[in-house]
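To start, the structure itself, in structure tokens.
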Amino acid sequence: MMPVAFYRKKGRLQWRRPVRKRKSMEEEMKASLKVLIVENNPVDRKMLCGMLSKSSYGSFTIEATDNLAEAFDHLTRDEFNVILLDLNLQDSSGLDTLKKMHQKFPHVPIVVNTGAYEDTLGLKAVTRGAQDYLIKGKYKSYGLSKSLYYAVERKKAEEELKEAYESLKTMQAQLIQVEKMKVVGTLASGIAHEVKNPLATILYGVEFLQTKCQNAAADDQINLTIHSIKDAARKANEIIKDLLDFASLSVLKCKPENINTVLEESLSLVRHQCDKSSIMVVKDYAEDLPDVNIDKNRIEQVIVDLLINSILAMPTSGTIIVKTFLTKLADVHAKWAQEQKVRLKAEQLVVVHIEDNGYGIKPDDMSKIFDPFFTTRRAAGGVGLGLSVARTIMNNHGGLINVENKKEGGARAELYFKA
Amino acid sequence: MTAKKKILIIDDEPGFTSMVKLNLETTGRYEVMIENDSQQAVATAAAYQPDLILLDIIMPVEGPDVLCQLRKSEALQDVPVVFLTATVRREEVAHENGHIGGHPFLAKPGTVDELITCIDEELG
């Protein structure tokens, strides 16, 4: 109340001062915007620069160009808060200009600057990714400045909304997945029981035949038949086992564990196979890693599966490098899809790398490796649930798995856990 | 020559019980009686007086109920019973060292060797 009374006493002229003062405070509060003006007409361009540099609404750092190619150069070199975009340029025209810009720099807000009598075009631009539009000759410095600030805030809100939407979509997908797993689980255990009984009959029957035929020195065809039946029944039993494993994945018994210890235990399970294929295991563990909240048996299953993949990719000899370290989410964020980013909301991640120098993954197979029942070892009895199960387990832990080829040859599997 | 051990298998899968009988009898060490009707299980056991009983779980009268009734009979209360069932998994059985809830278990499907080893262990 005090300042009002004070200025009122000083008369009308003084009365305006607090208003001006408030304005400059607003200016101070508003961050300066770096604007890229893309405008074909040199006169307009000069005028726009003038309007912004004199603006009483905000402060601007300005760069300007008259064509799209140069605009791209500017945007690649430098970071801009907002683009003021004329749609009709020497090297691009109409909404196509907006489309190209938006595709190439989707995160920079755009205000479209259309010619007079083109306000329907302006509206269309807003539906195709622009944050606002202006009609040439119909605005002054204040309106222009306000529109640029508005575009920045609107873009921020749009991105937040998009992220919230992605997050909801991911959650919905997870819920659907959980429901699906429940159904699969019920179905699988029901089927498993029904199928295991006849399988038991077949396997006992075959064993009996085998004993009888050994005694009677049966011919090769009979032996082959018995052998094939036995193999087939065992294979069917393996599939049932995998199916039951798959069905029980959503039930986790988590407690804090040291990932290095889990790795050691997993390695001890495959030591024999490593020795058999003359594979050297190099360990590079980070000390003092924070514990991760995991179901140890499940994660061991993932690690053993990855180790076995590596071993099978190096049948005669090779090296497996097992590495653990702590990293910041921001450092590894770039390479993940939005859906994955949403899943891993933690500042710090405990990371496990399992690398080999084996065959690597064929580029054509890369997109399919996580698909259920995809295997490159069908002939050798592979069922193709290994990586699919591994991914489900990691997802259920709120973690991530990534598998890629190394530049120098071989493959690397990466596991990310919330620290 | 020692007398053959008498094994009673109670399971409602006729194919499976036949295969168990064939495999066990072919060793020459066991005599096997089959009971596919779980309602008749206790009566058959009482009449046959087996040395060991192989018992399925999922049947019209469930395995654990059959076991309770067997234990009520003075003549049968000390007969070793091995659960032979598809309701458990081999890994689970292995994890519990072959005994679940104090009872010996065998998972279906398994091998004849496993079956014989388990029977001989229980028979002492």
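In segment A:177-206, the residues that are without any contact (Cβ under 8 Å) to a residue 40 or more places away in the chain and within 12 Å of chain B (Cβ to nearest Cβ) form Cβ pairs under 6 Å with partners that are surrounded by 16 or more Cβ atoms within 10 Å (Cβ to Cβ) and of a type in the set (K, R), at six or more places apart or across chains, as follows: A:A200/B:K108; A:V206/A:K230.
Conditions (1) touching a residue at least 12 places away in the same chain (Cβ under 8 Å); (2) within 14 Å of chain A (Cβ to nearest Cβ), marked per residue:
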{"site": "B:L8", "(1), (2)": "yes, no"}
{"site": "B:V42", "(1), (2)": "yes, no"}
{"site": "B:Q49", "(1), (2)": "yes, no"}
{"site": "B:M59", "(1), (2)": "yes, yes"}
{"site": "B:D65", "(1), (2)": "no, no"}
{"site": "B:E91", "(1), (2)": "no, yes"}
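It is to be established whether one or more residues within segment A:238-261 are hydroxyl-bearing (S, T, Y), open to solvent by 60 Å² or more (accessible area, probe 1.4 Å) and more than 22 Å from A:E414 (Cα to Cα). Looking through segment A:238-261, none of the residues is hydroxyl-bearing (S, T, Y), open to solvent by 60 Å² or more (accessible area, probe 1.4 Å) and more than 22 Å from A:E414 (Cα to Cα). Under the condition of being in contact with a Pro (Cβ under 9 Å, 6 or more places away or on another chain) and among the hydrophobic types (A, V, I, L, M, F, W, C), the residues counted in segment A:241-271 number 1. Test A:Q210 against the criterion of being within 13 Å of chain B (Cβ to nearest Cβ) and either of a type in the set (S, T, N, Q) or exposed (fewer than 13 other Cβ atoms within 10 Å of the Cβ) (or both), and give yes or no. Yes, satisfied.
Within segment A:144-171, being hydroxyl-bearing (S, T, Y) and open to solvent by less than 40 Å² (accessible area, probe 1.4 Å) holds for A:S145, A:S147, A:Y149, A:S167, A:T170.
Considering segment A:113-127, the residues that are open to solvent by less than 70 Å² (accessible area, probe 1.4 Å) and either touching a helix residue (DSSP H, G or I) at 6+ places or on another chain (Cβ under 6 Å) or not polar (S, T, N, Q) (or both) include one that is farthest from A:L89 (Cα to Cα), namely A:V126.
Criterion applied to A:Y165, A:Y150 was being without any contact (Cβ under 8 Å) to a residue 40 or more places away in the chain, within 32 Å of the chain's Cα centre (by Cα) and within 24 Å of A:S53 (Cβ to Cβ), and the one residue passing it is A:Y150.
Going by the structure shown, is A:V183 open to solvent by less than 80 Å² (accessible area, probe 1.4 Å) and out of contact with any strand residue (DSSP E or B) (no Cβ under 7 Å at 6 or more places or on another chain)? Considered against the rule, which asks whether it is open to solvent by less than 80 Å² (accessible area, probe 1.4 Å) and out of contact with any strand residue (DSSP E or B) (no Cβ under 7 Å at 6 or more places or on another chain), A:V183 comes out as no. A:G137 meets the stated requirement of being under 30 Å from A:R45 (Cα atoms), surrounded by fewer than 16 Cβ atoms within 10 Å (Cβ to Cβ) and more than 14 Å from every other protein chain (Cβ to nearest Cβ). Looking at the structure I just gave you, is A:A173 assigned to a helix (DSSP H, G or I) and either closer than 26 Å to B:E114 by Cβ or within 12 Å of another protein chain (Cβ to nearest Cβ) (or both)? No, not satisfied.
Count of segment A:213-238 residues, restricted to those that are more than 7 Å from chain B (Cβ to nearest Cβ) and touching a residue at least 40 places away in the same chain (Cβ under 8 Å), is 3.
The values are calculated or read from the model by the stated rules, or taken from the named source; none is laboratory data. From a predicted model like this one, the values you see are computed outputs, not experimental measurements. All Cβ positions, even for glycine, are placed from backbone atoms using ideal geometry, and neighbour counts span all protein chains on display. Remember, those area values only see protein heavy atoms, side chains included, never the ligands or the DNA or RNA. Shrake-Rupley method; radii C 1.70, N 1.55, O 1.52, S 1.80 Å.
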